[in-house]
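The values are calculated or read from the model by the stated rules, or taken from the named source; none is laboratory data. Since the structure is predicted, the reported quantities are computational estimates derived from the model, not experimental observations. Cβ coordinates were reconstructed from backbone atoms using ideal geometry, including for glycine residues, and neighbour counts include every protein chain displayed.
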Amino acid sequence: MSRARQAAELAHAGAKAYMAGDLASALGSYLTALAHAPTNANYLYVALSLVGMTAGFVLPPAIRKIFARAAETRDFNCQSLVTVVHSALVADPLAGELMSLAARGGNTLEDALRSRRYDAMLDDPLLRIVMQRAVIVSLEIESLLTALRRHALERAAHSAPSCLFAERLELLANLAAQCFNTEYAYAVGDDEEAWLEASLADRPREAASIALVAAYRPLHEVLGDPPAPNSDAFSALDFLLRQQVAEPRRERALQEQIAVLTPPATALSKRVRTQYETFPYPRWFAVEGGRPRPFKQVIKERFPTVQFRDLPENGVDVLLPGCGTGHQIAQVRSVFQNARITALDLSLTSLSFARRKLEELDIDVHCLAQADILALDAWDERFDYIECIGVLHHLGRPEDGLEILARLLRPHGIMRLALYSDRARQRVVAARQLVAAYGLTDDVRGIRAARRLIAELPENEAPRGLVTSQDFYSISGLHDLIFNVQEHRYTPLGLKQLLAGARLEFLGFDHIDPGVPVRYRDRYPADETQTDLANWEDFEAAYPETFVGMYQFWCRPAVSAPTVTTAAGV
């Protein structure tokens, strides 16, 4: 049997395991298929997705090399590789040894770094890549990087030689890139602040000094005229200059080109806009590229038993209200062929980030504009598809926003929504209560303080569970998670009432965990379409973490409004 044939059979077995909810077996099958066919983009994509959904697997060197080669391309989404790097480091005795030495700092750490004993670990290609182009989700790695950063700054402040300057400039620059990616979430001591101010007063011009400053503050804010990035090079320092100087400058220029469709409609809308102007979310790096297909084909495959009428055959008018920083735009473009996208958001800062990223990816958008959903009531545009993810629950009255979106939907249209689950969000609720109890300020200092409090909690405390969330590891992410100015939370029966009020028919949930539909089918075999929200209420009560990534679901205009007898969201 040829290697290609073996790979195809392994991938088929992996797909079956995935559908059965056996992620470990699915990952093993796809990784073996990838070893047989290392250039197969589909195996790579699925294996990487599965790696991101699992934990604790230390991958063999051959697979790591395949991932590292693929990650060198700029359109590769490196975030799932964080799991690979974390698992390898926590399993490596040398990593624990270095972390212990890093906690001591001083000459002990300097001698350790000079010994070359840790070179292979620190020079790991995957570690370098995720430091540059992902947010590292690992308290252990964060602790090490924070100690290395402090060590470099302390040595510089006391004019002591450091190999992080002379011999490890690439590591220092990559560390600075990671700090920028987290929006400087790592803890900073008062003494570090003083050392940094002294360093800035000296107007750093050398590469190492610039990289050190960039590990604490974004270069475009603190250096008046840093050297321009060299577009022909891809060194760590040139990457920093593009990331922290050229890209922010481009965003400021693009912001002036963004149209204003409507101003904020309410006082709360103004507060939400201010929040996302200050903390644009999410900051993203790449999106997995799929092969776009006709809208009708995608919908028919997703809902094979549902009857649809008048779905567009070629091309689709799409509305993305609350599009944020543009990641959703890129995702939709990779799914629907000939999509004519109108993307709206309250935050000009978010939209300028979106414009720059879409420009880099050569993605065209029909309309990218500032607008408030609540001000679109009289708009005469209509759409075949509306996708509103993580937006409505930040309105004062989500039902008002949903009714407006329902009116913007064509009679044959489809809507996809995402809203918070009350049961799955209890650790977030507890963290919000912690913030209130300590009176933490709604700024970077307060967010760093919240991170420290949560990380130091016993593991059985509810907020401590947030350390596994990617949002915990960036300023804008944690702000969106526990400092947001407004949020509503729902239950399945609350969703039923919300949809009924907007005269929308529930079509089904999307699930990150493929085991969920399997467990539901075993529990409610009579509900073949898995659309009974009363059943889902019971199911979620039994499995409260089911919708930890929000309820993500589809709906369409209802033929007749269903009867509702339950309370709405929380």
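Tabulated values for the structure
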read-out: The range 471-506, residues that are among the charged types (D, E, K, R) and farther than 30 Å from Y216 by Cβ; value: E487, R489, K496, R503, E505
read-out: Positions within the range 26-58 being modelled with pLDDT under 85, farther than 24 Å from G549 by Cβ and not in a helix (DSSP H, G or I), in sequence order; value: V58
read-out: Verdict on A160 being on the phi < 0 side of the Ramachandran plot and modelled with pLDDT under 90; value: yes
read-out: Which listed residue is of a type outside the set (V, I, T), modelled with pLDDT under 95 and within 20 Å of P304 (Cβ to Cβ), from P562, P514; value: P514
read-out: Search result, residues across the range 211-239 that are in contact with a Leu (Cβ under 8 Å, 6 or more places away or on another chain), assigned to a helix (DSSP H, G or I) and at pLDDT 90 or above; value: A211, L212, V213, A214, L219
read-out: Verdict on A354 being under 13 Å from Y385 (Cα atoms), buried (at least 23 other Cβ atoms within 10 Å of the Cβ) and within 21 Å of the chain's Cα centre (by Cα); value: no
read-out: Failed criterion for G21 (all others in (1) under 23 Å from D510 (Cβ atoms); (2) in contact with a helix residue (DSSP H, G or I) (Cβ under 7 Å, 6 or more places away or on another chain); (3) assigned to a helix (DSSP H, G or I) hold); value: (3)
read-out: Whichever residue in the range 106-153 is in a helix (DSSP H, G or I) and among the acidic types (D, E) and, among such residues, is nearest to S199 (Cα to Cα); value: E110
read-out: Conditions (1) surrounded by 20 or more Cβ atoms within 10 Å (Cβ to Cβ); (2) in contact with a helix residue (DSSP H, G or I) (Cβ under 6 Å, 6 or more places away or on another chain); (3) under 17 Å from S476 (Cα atoms); (4) outside the structural domain of V222 (by TED's automatic domain parsing): number failed by Q244; value: (4)
read-out: Qualifying residue in the range 60-67 (condition: touching a residue at least 40 places away in the same chain (Cβ under 8 Å), surrounded by 19 or more Cβ atoms within 10 Å (Cβ to Cβ) and either within 23 Å of the chain's Cα centre (by Cα) or assigned by TED's automatic domain parsing to the domain that holds S162 (or both)); value: yes
read-out: Odd one out for E387, checked against (1) assigned to a loop (DSSP other than H, G, I, E, B); (2) in contact with a strand residue (DSSP E or B) (Cβ under 9 Å, 6 or more places away or on another chain); value: (1)
read-out: Boolean, Y18 is in contact (Cβ under 8 Å) with a residue 60 or more places away in the chain and either touching a strand residue (DSSP E or B) at 6+ places or on another chain (Cβ under 7 Å) or under 18 Å from F76 (Cα atoms) (or both); value: no
read-out: Members of the range 511-527 that are touching a residue at least 60 places away in the same chain (Cβ under 8 Å) and part of a loop (DSSP other than H, G, I, E, B); value: I512, D513, P514
read-out: Flag for L392 being touching a Ser or Thr at 6+ places or on another chain (Cβ under 9 Å), in the same structural domain as C323 (by TED's automatic domain parsing) and aliphatic (A, V, I, L, M); value: no
read-out: Checking M415 against (1) in a helix (DSSP H, G or I); (2) touching a residue at least 24 places away in the same chain (Cβ under 8 Å), the condition it does not meet; value: (1)
read-out: Answer residue from the range 237-268, given it is more than 26 Å from the chain's Cα centre (by Cα) and free of Cβ contacts under 8 Å to residues at least 40 places away in the same chain and is nearest to G396 (Cα to Cα) among those; value: A267
read-out: Filtered residues of the range 342-365 (kept if part of a strand (DSSP E or B) and either hydroxyl-bearing (S, T, Y) or modelled with pLDDT under 95 (or both)); value: T342
read-out: Test result for L27, without any contact (Cβ under 8 Å) to a residue 60 or more places away in the chain and over 21 Å from P125 (Cα atoms); value: yes
read-out: The range 304-320, residues that are buried (at least 19 other Cβ atoms within 10 Å of the Cβ) and in contact with a Ser or Thr (Cβ under 9 Å, 6 or more places away or on another chain); value: D317, V318, L319, L320
read-out: Hits in the range 68-102 (condition: loosely packed, with under 13 Cβ neighbours inside 10 Å and in contact (Cβ under 8 Å) with a residue 24 or more places away in the chain); value: E72, R74, D75, A91
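Yes/no matrix, rows are residues, columns are (1) surrounded by 16 or more Cβ atoms within 10 Å (Cβ to Cβ); (2) outside the structural domain of P544 (by TED's automatic domain parsing); (3) assigned to a helix (DSSP H, G or I):
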position	(1), (2), (3)
A436	no, yes, yes
G465	yes, yes, yes
D471	yes, yes, yes
K496	yes, no, yes
F509	yes, no, no
